[in-house]
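> Take this structure, written in structure tokens, and hold onto it; I'll ask about it next.
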Amino acid sequence: MTMDFAALLFYAFGALALGSAIVVISQRNPIYSAFALIVTLCSLSAIYGLLGSPFIAVLQIVVYAGAIMVLFLFVLMLLNVKREGRDPGDGRTLKGVALALAVLLALQIGTVLMRARLGPARPLDASTEKMARDLFSLPYLYVFEATSVLILAALVGAVALARKDS
Amino acid sequence: MQHALLLSVGLFALGALGVFLRRNIITILMCIELMLNAANLAFVAFSNHLGTREGQILVFFVMTVAAAEAAVGLAIVIALHRGKDTLDVDAFSVLKW
């Protein structure tokens, strides 16, 4: 089966992403889930690179795997979480219903996406210079500055929520 | 590109399954991040096919919002743990009707 190298890499990283996502939702120990999520994020970053988005690929590693997941691991270590206990009683029925609903969700979204009538593929130029020019010129400049206010609000909120009342 | 969309749908369904089934709050937050990443993948796949950069600019902002939301969500988890010393979602049932 002849497949060019890019497609082979895409399928390999896609399988890795799906496999570690299954580990995320199935592991009892949340630290293992966090590590599996890091593997998923890094394989998604590789897929972004294959899809012609080098800026977003690097941003995924730096922001998601490097900051958000580290924050998750900090909180997990701080709160010293143990393994999740067994579900009481109705474990089997709940899992069956949940799986059926998830399959239904996937079929619904998948059908809508597969029926989208797109035109022919057009070339993409998403170099960092072009992305920066887009981000720093109108209208995305407004959104850019607004997200800085959002991050400030999140910072103040997180400090206020996690502070000890002494 | 269709395969990238199928991967995005699969990851989203897995994340939704995790939010539904898990009982540890932090694991639920991680499954929400998984769903956000699935949406990001769909954006990047469409941006790649249509040849515009707007999908990726939106991914930039989705990542920013996800970071802010993860920070505030984990601060809430810390505050909850301080009150009840457990991370089991079933323990926080005061607002149930």
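The values are calculated or read from the model by the stated rules, or taken from the named source; none is laboratory data. Note that the structure is predicted; figures quoted are calculated from it, not measured. Here the Cβ is made from the backbone with ideal geometry for all residues, glycine too, and neighbour counts use every protein chain on show.
> What single numbered condition from (1) touching a Lys or Arg at 6+ places or on another chain (Cβ under 6 Å); (2) in contact (Cβ under 8 Å) with a residue 12 or more places away in the chain fails to hold for B:V19?
Among (1) touching a Lys or Arg at 6+ places or on another chain (Cβ under 6 Å); (2) in contact (Cβ under 8 Å) with a residue 12 or more places away in the chain, the lone unmet condition for B:V19 is (1).
> Further question: Return a yes/no flag: does the stretch A:13-22 have any residue that is surrounded by 21 or more Cβ atoms within 10 Å (Cβ to Cβ) and among the β-branched types (V, I, T).
No; the residues of the stretch A:13-22 include none that is surrounded by 21 or more Cβ atoms within 10 Å (Cβ to Cβ) and among the β-branched types (V, I, T).
> If the Cβ limit is 8 Å and pairs must be 6+ apart or interchain, which residue in the stretch A:110-138 that is among the hydroxyl-bearing types (S, T, Y) pairs with which residue that is surrounded by 10 or more Cβ atoms within 10 Å (Cβ to Cβ) and modelled with pLDDT of 85 or more?
Every condition considered, the pairs that remain are A:S127/A:P54; A:S127/A:F55; A:T128/A:P54; A:T128/A:F55.
> In this structure, does B:I25 turn out to be more than 7 Å from chain A (Cβ to nearest Cβ) and either aromatic (F, W, Y) or surrounded by fewer than 21 Cβ atoms within 10 Å (Cβ to Cβ) (or both)?
Values: more than 7 Å from chain A (Cβ to nearest Cβ): yes; either aromatic (F, W, Y) or surrounded by fewer than 21 Cβ atoms within 10 Å (Cβ to Cβ) (or both): no.
Against the criterion (more than 7 Å from chain A (Cβ to nearest Cβ) and either aromatic (F, W, Y) or surrounded by fewer than 21 Cβ atoms within 10 Å (Cβ to Cβ) (or both)), B:I25 does not qualify.
> In the stretch A:1-22, what count of residues is obtained for those that are under 27 Å from A:V81 (Cα atoms) and touching a Ser or Thr at 6+ places or on another chain (Cβ under 7 Å)?
Residues of the stretch A:1-22 that are under 27 Å from A:V81 (Cα atoms), as a first pass: A:16-22.
Subset that is touching a Ser or Thr at 6+ places or on another chain (Cβ under 7 Å): A:16-17, A:20-21.
Number of matching residues: 4.
> List the number of the failed condition for A:A36; all other conditions in (1) under 21 Å from B:F43 (Cβ atoms); (2) crowded, with 17+ Cβ neighbours inside 10 Å; (3) among the small types (G, A, S) hold.
Only one criterion is unmet by A:A36, namely (1).
> Same structure, new question: Out of all the residues in the stretch A:39-67, which are surrounded by fewer than 22 Cβ atoms within 10 Å (Cβ to Cβ) and under 19 Å from B:G73 (Cα atoms)?
The answer is A:V63, A:A65, A:G66, A:A67.
> Find the residue count for the stretch A:21-41, including only residues that are part of a helix (DSSP H, G or I) and either under 19 Å from B:F20 (Cβ atoms) or at the interface with chain B (Cβ under 7 Å from one of its Cβ atoms) (or both).
Residues of the stretch A:21-41 that are part of a helix (DSSP H, G or I), as a first pass: A:21-26, A:30-41.
Going one step further and asking which of them are either under 19 Å from B:F20 (Cβ atoms) or at the interface with chain B (Cβ under 7 Å from one of its Cβ atoms) (or both), we end up with A:21-26, A:30, A:33-34, A:36-37, A:40-41.
Of the residues in that region, 13 qualify.
> Would you be able to tell me the number of residues in the stretch B:62-97 that are in a loop (DSSP other than H, G, I, E, B) and hydroxyl-bearing (S, T, Y)?
Of the residues in the stretch B:62-97, the ones in a loop (DSSP other than H, G, I, E, B) are B:85-87, B:92-97.
Pick out the ones that are also hydroxyl-bearing (S, T, Y) and you get B:86, B:93.
Going through the stretch B:62-97 one residue at a time, the tally reaches 2.
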